[in-house]
1. Conditions: (1) buried (at least 18 other Cβ atoms within 10 Å of the Cβ); (2) touching a residue at least 24 places away in the same chain (Cβ under 8 Å). Ile187 meets all but one. Number of the miss?
2. Could you please give the count of residues in region 191-209 that are farther than 23 Å from Thr98 by Cβ and touching a residue at least 40 places away in the same chain (Cβ under 8 Å)?
3. Please identify the pairs in which a residue from region 148-161 that is within 10 Å of Leu100 (Cβ to Cβ) has its Cβ atom under 7 Å from the Cβ atom of a residue that is at pLDDT below 95 and of a type in the set (Lys, Arg), counting only partners at least 6 apart or on another chain.
4. Looking only at residues that are of a type in the set (Lys, Arg) and in a helix (DSSP H, G or I) in region 51-78, which one is nearest to the chain's Cα centre (by Cα)?
5. Inspect all residues belonging to region 98-108 and state whether any of them is at pLDDT 95 or above, under 10 Å from the mean Cα position of the chain (by Cα) and not in a loop (DSSP other than H, G, I, E, B).
6. Quick one: would you say Ala125 is part of a helix (DSSP H, G or I) and on the phi < 0 side of the Ramachandran plot?
7. Filter region 173-184 for residues that are part of a helix (DSSP H, G or I) and touching a residue at least 40 places away in the same chain (Cβ under 8 Å) and give the result.
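The values are calculated or read from the model by the stated rules, or taken from the named source; none is laboratory data. Everything numeric in this text was worked out from a predicted model, so none of it was measured. With ideal geometry, Cβ positions are generated from the backbone for all residues, glycine too; neighbour counts draw on all protein chains shown.
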Amino acid sequence: MGTTLPNSKIITTPQQVREYSHDLLRNTVLDATSRLLVQEGPDALTVRRIAQELRCSTKIIYTMFRSKDGLANALYLDGCERLRQALFNVSSSQAIETYLYQVGWAYWSFALANRSYYLVMFCGAIPNFTPAPESIQATSAVFDELVGILQQAIERGQLASNNAHFMAKSLWTALHGVVGLYFLGHIPTEDEAKEAFERNLRAVIASFR
C-alpha cells in the first residue's frame, strides 16, 4: 500500500519518493527566490543568498539549476504555468465577450497574486537575464487556448477580425500595459490601476465586435 501525501499523490516506489522529494525541493527553492525578489529586490538573487535563506549548500542549488540564469529561467517557466492555470480556469462555455472579460480579470488576479513571477516574466526584474527560447515559446503557448476560442468565435461570425492570434496579442498588450505601469510605479494606486485596467479591457473587447 502506498502513502498518500498532502497533494493527494500516491507514493508507491522508491523512484516516486525521489521524484517527489526533488519536486518538493525545487518548489522550495523557487518559493524562496520569489520571496527574496519581492522583499529585497533583484540584487538578492544570488545563489549564495538563496542558499543562506534556505540554510543549505550552494551545491544543491547549482546541481538543480546549474546557474543563476537557470534558476531565473525556472522561475520564469513556473510563472508561465501559474498563468496558464489561471486562464484555463475561466469557463469558455459562455458568451465570447463575457469569456474575454473574465480572462482579463483572471490575468489581473494572477499578476497581483504572483507579482515577483510577473516581474521576472514581463518586466525585466532580473538584470542581464534573457529567457531561453523555449521559455518564450512557453509564454506564447499559455495563450493557445484563448486563440482557439477566439478562432471559434470568428468562425461563428461573433467577432469582426479574422486573425485570432492578433486579437489575443492585442488583448495581452492592453492588459500588460496597465499591470506593468502599476508595478513599476507609474500608476500610484491599485484603485487607479484597476480603473485603467477595466477601461482598457472593455475597450479592447468592444473593438473586437
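1. (2)
2. Result for region 191-209: 0.
3. Leu159/Arg209
4. So, considering only residues that are of a type in the set (Lys, Arg) and in a helix (DSSP H, G or I), the one nearest to the chain's Cα centre (by Cα) is Lys68.
5. Looking for residues that are at pLDDT 95 or above, under 10 Å from the mean Cα position of the chain (by Cα) and not in a loop (DSSP other than H, G, I, E, B), one finds at least one in region 98-108, hence yes.
6. No: the conditions fail for Ala125.
7. Of everything in region 173-184, those that are part of a helix (DSSP H, G or I) and touching a residue at least 40 places away in the same chain (Cβ under 8 Å) turn out to be Leu175, His176, Val179, Gly180, Phe183.
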